[in-house]
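Structure first, then comments.
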Amino acid sequence: MVISQLIQPKSIAVIGASDNITKPGGMVLQNLIHGKFEGKLFAVNPKPVSFKEVTYVSNLNNLEAVDLAIIAIPASQCLETVRALLKKGTKAFIVFSAGFSEAGDSGIKLEKELTDIVNKAGGTLIGPNCVGIICETYKGVFTTPVPQYDPQGCELISSSGATAVFIMESALLTGLRFSNVYSIGNAAQTGVEEILEYLDVNFDEHKSPKVQLLYLEQVKKPFKFLKHATSLIHKGCRIAAIKSGYSEAGGRAASSHTGALATADNVIRALFRKAGIVYCSSREELIAVGSVLQSKELKGENIAIITHAGGSAVMLTDALTSNGLSVPQFDAEKTAVLLSKLNPGSSVNNPIDFLATGTAKHLGEIIDFCEGYDVVDAMVVVFGSPGLFNVKDVYELLDKKMSTCSKPIYPVLPSLINAEKEIKQFLSKRRVNFPDEVNLGKALAHVYTSTKYRFEKTTLPEMDILSIRSIINTAQNGYLDAQANQELLAAAGIELAEQFIVSDKYQFDKVNSKIKFPVAMKVIGPLHKTEVNGVMLNINNIDQAVNAFERLMTIPDASAVLLQEMVKGEELYCGAVRQGDFGHVVLCGLGGVFLELIQDTASALAPMSYGEVKSMIESLKAYPLIKGYRNKKGLNEEKFIEVVMRIGALVHIAPEISELDLNPIKADENNMIVVDSRICIDKNGK
């Protein structure tokens, strides 16, 4: 819980204060003073501290009660110090000190003890191993730069103090503004979830910042994270985030296709997508997305590119169109008048290239045309300087048009040396600059895509819940047998191919009249049937079936054979895997051998709404196959959506399912039939 003393303290003590501003205890004092903290400020250290704006205290015993303690002493001294401060009534702590959980077993133990005593007192602990907090009330960090507080600037929450500094350094050069900055370090007590909770509970639609940027190294409480991130977004905020460490191993050996595909990155992407958070892969991308979010909202996918640099236009066009946005060609008749106003050799096809000789007047004509042209939803203006003339008038016009136009205009001003002075003047007017057009293109696409779907409240499809729970309750840990597998999916309302299980060749006499040839025959027992040649297709009569049965039963670990009607169609896939506190991740995509070969899948956290599943399917590279292309009929998209939704509901109702594979699902324009499935039960783990 974040208490008010952390955000609005009336008094602050720096424990380990120093005159030396190259030390954390000295730099934080300087930042607090320069940041004009208006409350009482104490410097605690046996060695004298001579900052005239602070009250020096040589011994902790002589310190009066304070709201907030900023601690910059060795880790070994922190526990005793915090105990003493708690006795004095201090309940908010920022611990710069390193040497805790990041330093091994002894540090883990020390960090837990520190957290426990703060929790017991009902206090708030930021860190340890952090660089502090920047907010309207005070600048409690030992680093630079310290951005000027802007009440509508971005809020930054970072697991890494150094990364927070790197983000601010780069972002300030682009004009991105900041309000509150939270470096949470090891997040021993207060993590991103608690900060989001505080922002959510205390949100004021008139005063609170509307953009949050996150750099995360862990999400400890995914459902708390989801709850408050979603709530903030519903209140009008936008959130963009990096989650590092996505390439780490899954933490267990995966026995299914889904287990192999459900990487840490897929899980985080699913969490972010469910909340509506814009996923970013780098600091530069996060900064670009933050700058887009601080600009006018992009409400359509059609972008006009206005430039005097052909190469930049080509790269930007590639970045936009390859990520789902459009650079539409303009009607020659409608652009004829505009073309006549530009220098000879200019092009108005989109990208609009008004050449290196283009002027501010030319740019104004182009922007006015795009503002009135209904095909255009937004404009990107790429304008640098080859050093031949002053671009001040161009940037002044650009600033004016950004204020008066209803459509968003995104400036790409790449001449950071030739036009350094002019760019700084432009940024001083509360503008942002996108120095790299490709980063801008990706950022625009990511932001637009994240707002394209507003997921409705999730409702579970109608299913036979009593039968589902009965099957799960009586099942043993491990893979369900073929009969239980079939019954469970049927209870979930998922259509399966007609099938029979034969464990003895004499059973063929009983099922002969029921078999509709041709059939497929699959060995039961081995996990990966194709790897042991355990699948035989196009069995056309009973004699072939008996012969196939005898061969399949010679495979090691074979216990029976499944006879299944041959179903034609394209091969799709759906699966689910349990991922600890995140619950189940559901994946879908192309099936059969293409599943792991191409790995074209989309993921979501269960359960999912109709809109959420529809967006998953539409995000697949193979989506044109589902829709139909080149006069080829598409597949039944609605039934595929239903199957994926039902799998999400099934694992929600039966959380004991640890892994589930439907692969392949045979699909055509009418049907969606599961022909192979595996379901693993684990009632012990998460």
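Worth pointing out:
- The test for being outside any helix (DSSP H, G or I) and over 18 Å from P664 (Cβ atoms) does not hold for I494.
- When restricted to residues that are surrounded by fewer than 19 Cβ atoms within 10 Å (Cβ to Cβ), more than 29 Å from A649 (Cα to Cα) and either of a type in the set (V, I, T) or under 44 Å from the mean Cα position of the chain (by Cα) (or both), the stretch 491-514 contains 1.
- Here T81, T124 are screened, and the one residue that is among the hydroxyl-bearing types (S, T, Y), more than 22 Å from Y215 (Cβ to Cβ) and outside the structural domain of L199 (by TED's automatic domain parsing) is T81.
- Pair list, Cβ < 7 Å and 6+ apart or interchain, from the stretch 366-381 residues that are farther than 21 Å from V432 by Cβ to residues that are assigned to a loop (DSSP other than H, G, I, E, B): V375/P328; V375/F330
- Qualifying residue in the stretch 218-229 (condition: modelled with pLDDT under 95 and β-branched (V, I, T)): yes
- The set of residues from the stretch 413-423 being surrounded by 13 or more Cβ atoms within 10 Å (Cβ to Cβ) and not in a loop (DSSP other than H, G, I, E, B) comprises E422, I423.
- Within the stretch 164-189, being touching a Gly at 6+ places or on another chain (Cβ under 7 Å) and part of a strand (DSSP E or B) holds for F178, S179, S183.
- The lone exception for E333 - which of (1) of a type in the set (D, E); (2) in contact with a helix residue (DSSP H, G or I) (Cβ under 7 Å, 6 or more places away or on another chain); (3) without any contact (Cβ under 8 Å) to a residue 12 or more places away in the chain it fails: (2)
- K633 out of contact with any Ser or Thr (no Cβ under 9 Å at 6 or more places or on another chain), touching a residue at least 40 places away in the same chain (Cβ under 8 Å) and surrounded by fewer than 24 Cβ atoms within 10 Å (Cβ to Cβ): no
- All positions within the stretch 30-60 that are surrounded by 19 or more Cβ atoms within 10 Å (Cβ to Cβ) and over 36 Å from the mean Cα position of the chain (by Cα): L41, F42, A43, V44, N45, V49, F51, V54, V57
- Restricting attention to the stretch 51-102, the residues that are part of a helix (DSSP H, G or I) and on the phi > 0 side of the Ramachandran plot total 0.
- Residue satisfying all of: in the stretch 531-565; in contact (Cβ under 8 Å) with a residue 60 or more places away in the chain and out of contact with any Lys or Arg (no Cβ under 8 Å at 6 or more places or on another chain); surrounded by the fewest Cβ atoms within 10 Å (Cβ to Cβ) among these: A560
- Any chance I468 is at pLDDT below 90 and buried (at least 16 other Cβ atoms within 10 Å of the Cβ): no
- The single condition among (1) outside any loop (DSSP other than H, G, I, E, B); (2) closer than 23 Å to L427 by Cα that G384 does not meet is (1).
- For the stretch 322-344, a residue qualifies if it is among the hydroxyl-bearing types (S, T, Y) and either surrounded by 15 or more Cβ atoms within 10 Å (Cβ to Cβ) or assigned to a strand (DSSP E or B) (or both), and the qualifying residues are S326, T335.
- Residues of the stretch 143-163 that are in a loop (DSSP other than H, G, I, E, B) and within 22 Å of L41 (Cβ to Cβ): T143, T144, P145, V146, P147, Q148.
- Scanning the stretch 173-187 for residues being under 26 Å from E437 (Cα atoms) and either within 20 Å of the chain's Cα centre (by Cα) or at pLDDT below 95 (or both) gives a total of 1.
- Given (1) over 24 Å from Q152 (Cα atoms); (2) not in a loop (DSSP other than H, G, I, E, B), index of the condition M463 fails: (2)
- Pick from the stretch 188-227, criterion of a type in the set (K, R) and closer than 25 Å to A171 by Cα, ranking: nearest to the chain's Cα centre (by Cα): K210
- Looking across the stretch 619-637, the residues that are under 15 Å from A602 (Cα atoms) and not in a helix (DSSP H, G or I) come down to S619, L620, K621, A622.
- Verdict on L488 being more than 25 Å from E284 (Cβ to Cβ), buried (at least 22 other Cβ atoms within 10 Å of the Cβ) and either at pLDDT 95 or above or within 34 Å of the chain's Cα centre (by Cα) (or both): yes
- Filter pass, I21 being within 30 Å of S179 (Cβ to Cβ), in a loop (DSSP other than H, G, I, E, B) and touching a residue at least 24 places away in the same chain (Cβ under 8 Å): no
- Qualifying residue in the stretch 494-516 (condition: within 30 Å of K400 (Cα to Cα) and touching a residue at least 24 places away in the same chain (Cβ under 8 Å)): no
- Looking only at residues in the stretch 597-618 that are in a helix (DSSP H, G or I) and of a type in the set (D, E, K, R), the one that is nearest to L460 (Cα to Cα) is E612.
- Conditions (1) free of Cβ contacts under 8 Å to residues at least 60 places away in the same chain; (2) farther than 27 Å from P655 by Cβ; (3) surrounded by fewer than 19 Cβ atoms within 10 Å (Cβ to Cβ): number failed by V523: (3)
The values are calculated or read from the model by the stated rules, or taken from the named source; none is laboratory data. All values reported here derive from a predicted model rather than from experimental measurement. A quick note on method: Cβ atoms are made from the backbone with ideal geometry, for glycine too, and the neighbour counts reach across all protein chains shown.
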